[in-house]
Structure formats: structure tokens, C-alpha cells
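Derivation of every value follows stated rules applied to the coordinates shown; laboratory data play no part. Here the structure is a predicted model, which means the values were calculated and not measured. We place every Cβ from the backbone using ideal geometry, glycine too, and count neighbours over all the protein chains shown.
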Amino acid sequence: MIGTPFSATAKRVMLLGAGELGKEVVIELQRFGIEVIAVDRYENAPAMQVADRAYVVQMTEAEALREVIAKENPHIVVPEVEAIATDVLLEVEAQGKQVVPSAKAVHITMNRAAIRKLAAEALSLATSPFKVVESWQQCLQALETIGYPCVIKPVMSSSGKGQSIVRSESELKAAWDYALSGGRTAADVIIVEGFIDFDFEITLLTVSHRDGISFCPPIGHRQEEGDYRESWQPQALTETVERKAQQLAKSIVTELGGYGLFGVELFIKGDEVYFNEVSPRPHDTGMVTLISQNLSEFSLHVRALLGLPIAEITLKQPSASAALLVEGESSQVVFSHLDQALAVPESDLKLFGKPGVSGRRRMGVALAQGANIEEACERACLVRDRVNVIL
Ligand SMILES: Nc1ncnc2c1ncn2[C@@H]1O[C@H](COP(=O)(O)OP(=O)(O)O)[C@@H](O)[C@H]1O
Ligand SMILES: [Mg+2]
């Protein structure tokens, strides 16, 4: 049942995190007549621009988060970023509110050590070898078994922050210091992972909804310096790999619990499928679904969290996305040459409306369909490259 917004029957949903992925979630919620409240750390965040009300709150501060939830009293709380005081989500869920997909899923997935332990130890899923370490001494010890090359990451970070590939001992100290400085919290817990020399990596968007679990066709992607650059769909998989990938995704999503869409990140090498990490929410590489599928990942997330059915997920055509990254300093970015960009056949462009850039920031995404993924990728990249950015 869904009532009338701004009335006694309104269904209210609060988004914690109001970036570009949240913006699309808000739009899909609005299409069902939901009253939406967006919260983020800064003003004029993308999802705030389309929500009914917005609040600027430090979501890592438990008391501030408790206050805004108490004030708005939403029926459903949808975390859209990792940096949230997840203890508050556990409290809120215990009080009877729906946390999407579940407070446990959000709490565990924000911590690489916790999700890896669940995947590798409790569920026996294949992952890269790893050790969680809390001192330089322990790090050196971990390397004795893991060896080089390895990947060093803070247990709480995203978008590649604090993360480096270490090829030899001479690079280890710098990577260690970088990991310590790049974590979200002061706690210096670091994960050391064996490097998987994968053939390719995929995101398997997996929806847990009232009638069961559904999968989107696999999405391939290319990462560079902690950011995804291009993604495409479908990424071809052998039957064996597809079956393994779906089984793995199903077991982790079922264990995490709750209704919603999850982005399951997997490394594929030959017939082997390794679990990397999972987002309990739409995934950045999944923006390609804005053009590729009958229901985008955002629409699937919203259907699942509202307890609505998902009859079928169909791929319309091979498609691709290319992230529009902007580098520099500005609070009045202008995008031009849009006529030339959008002259590319079967293409689209989303500009997120972010209030500023300081360093490198994803400000938009180019989308395209094609006869095959090569053509789709070429077109999406062409759209992105034709956009002229004035800082
Ligand atoms: N153990 C690993 N072996 C090989 N590549 C890795 C490994 N860990 C991370 N990567 C590469 O770095 C990217 C980002 O790492 P990830 O753990 O997903 O961090 P983030 O939370 O920043 O997305 C991955 O998508 C993959 O390309
Ligand atoms: Mg990742």
C-alpha cells in the first residue's frame, strides 16, 4: 500500500547519502508517489535537488543521525553511502523501521574485514587470500604467507581511497602509510590481500525481493586509480562461470538479508570466480542499466524495498557507460558542446548537478547502446570525450 505524499497516509522514505546513485533512487521513489527526505554531509547534493526535503547532517555522528530520523519519522531508511553510524541503523531497525536492505547488511559490508570473514570463513566462498592486521609488525608477518604482489587497503574506505598494489618489499612502507591515512575512521585496521591476476571483473547486480532472488545480466567494468571508468553489459561468461557467480551472489545476499538490490563484485580467472566485495545498494558500474534494461538498478532497488514484485529483468540491447570525471577546483562548473556529444547515435548523458569539484570528481555519466558491447563502449566514450568542461 502506498498513500498520498504530505498527507496522513504518506509513505516516507529517508535516504542517507544523496549522491548521483541516490538521486536516481529518489526519482524512482517519486514515481510511486513516495515522500522522500534526502540527507547528506553537504548542501545541494544531487539527490537533495529532487527530494521533497533535505538535511545536512554528519551521518557518521550517531546523535545527529538519531535526531534527524526521530524528527522525520520515516517508514523506511535507505543508506546510500558507507560512511554512516551503523549502530544507529541497528537501533532504528530494532524499533521496527525498515532499513534497506537490512541493518546487518549495511553494518557488515562497510567493513572489509567483516564481509570477507563472512564470505570466506562462514560461507566458504573463494576470495583472494587475506589477513587483517593492526600493526606494521603484523603486516610484515602477513606478507610472509601472502607474498607479492599484494593489495593493501584500509578496512573502511571506498573509491580506492588508501588502497595500493604492492609489488615488492621496497614499496610496502609507503603503501602502509597511505592505507593508514586513507581510512574513514582513526582505527588503524588494514587488510592485506593477495593480488588476483584476473581475466576480467564483473558486477553481478542481484535483487532480493518478495518473490525471491533475481539477477541482472553481468556487467563488465574497467577500474583505474580507484574509480570505475567504463562499464558494459552484458559481459559474456561461460556457463560454468555464470552458474558459480550466481550461486555465490545468492549465498552472500541471502546471508546479509533484507529486500533490495546488491552489487556483487567478482573477479573471474579461467573457470574460477572470486568474491571481492558487495554493495548493499545500487552500484556505480550499474549506471549502465539506465540505458540497457527494462528496469534500471535504481528502479529494481525501489521495487524490492517497497515490497513490490519484479516480474522480469530484460536487456534491451548491448550497452555501455563512461564516467565523466572532472579534475580541478570550481563551484560553478559549466558543461558545453552537449549538442555534439548527444549527436552520437543511441546515446544519453546524465549530469549530476554536483555543487563543486575539488580534486577529481565524477560529475556525470555518458550512456550508449550499440550492436555489440564494443560499439556501445565506443559510443559512450565518444559522448564523454565530446563534453567540454569549463571550470
Ligand atoms: N586482491 C585484488 N586483486 C586484484 N585486483 C584487486 C584486488 N583488490 C582490488 N582490486 C582492484 O581494485 C579495485 C577496487 O578495489 P575494491 O576492493 O573493490 O575497493 P573499493 O571499495 O574502493 O571499490 C577492484 O575493482 C579491482 O580492480
Ligand atoms: Mg569495489
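Residue 9 satisfies every condition listed in (1) in contact with a strand residue (DSSP E or B) (Cβ under 9 Å, 6 or more places away or on another chain); (2) farther than 22 Å from residue 284 by Cβ; (3) surrounded by fewer than 22 Cβ atoms within 10 Å (Cβ to Cβ) except (1). Quick check on region 97-104. Is at least one of its residues part of a helix (DSSP H, G or I) and touching a residue at least 60 places away in the same chain (Cβ under 8 Å)? Within region 97-104, one or more residues are part of a helix (DSSP H, G or I) and touching a residue at least 60 places away in the same chain (Cβ under 8 Å).
A quick yes/no check of all residues on (1) crowded, with 24+ Cβ neighbours inside 10 Å; (2) under 16 Å from the mean Cα position of the chain (by Cα); (3) within 16 Å of residue 207 (Cα to Cα):
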| site | (1), (2), (3) |
| --- | --- |
| 270 | no, no, no |
| 281 | yes, yes, yes |
| 285 | yes, yes, yes |
| 289 | yes, yes, yes |
| 293 | no, no, yes |
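In this entry, residue 164 is excluded by the filter for residues that are away from ligand 2 (no atom under 16 Å from the Cβ) and of a type in the set (Ser, Thr, Tyr). Scanning region 193-224 for residues that are assigned to a loop (DSSP other than H, G, I, E, B) and either within 14 Å of ligand 2 (Cβ to nearest atom) or surrounded by 23 or more Cβ atoms within 10 Å (Cβ to Cβ) (or both) yields 196, 198, 216, 218.
Filtered by the rule that a residue be in contact (Cβ under 8 Å) with a residue 40 or more places away in the chain, away from ligand 2 (no atom under 15 Å from the Cβ) and not aliphatic (A, V, I, L, M), region 231-248 gives 232, 233, 234, 235, 246. Within region 276-296, residues that are more than 16 Å from ligand 1 (Cβ to nearest atom) have Cβ atoms under 6 Å from residues that are part of a helix (DSSP H, G or I) and of a type outside the set (S, T, N, Q) in these pairs: 289/297; 296/290, counting only partners at least 6 apart in sequence or on another chain. Condition check for residue 231 on (1) away from ligand 1 (no atom under 16 Å from the Cβ); (2) under 23 Å from residue 364 (Cα atoms); (3) of a type outside the set (A, V, I, L, M, F, W, C): one failure, at (1).
Quick grid of which residues meet (1) loosely packed, with under 15 Cβ neighbours inside 10 Å; (2) away from ligand 1 (no atom under 15 Å from the Cβ); (3) not polar (S, T, N, Q):
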position: 122; (1), (2), (3): yes, yes, yes
position: 126; (1), (2), (3): no, no, yes
position: 145; (1), (2), (3): yes, no, no
position: 150; (1), (2), (3): no, no, yes
position: 154; (1), (2), (3): no, no, yes
position: 160; (1), (2), (3): no, no, yes
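With respect to the conditions (1) over 19 Å from residue 255 (Cβ atoms); (2) surrounded by 20 or more Cβ atoms within 10 Å (Cβ to Cβ), residue 109 falls short on a single one, namely (1). Residue 253 - would you say it is closer than 30 Å to residue 32 by Cα and surrounded by 22 or more Cβ atoms within 10 Å (Cβ to Cβ)? Criteria met by residue 253.
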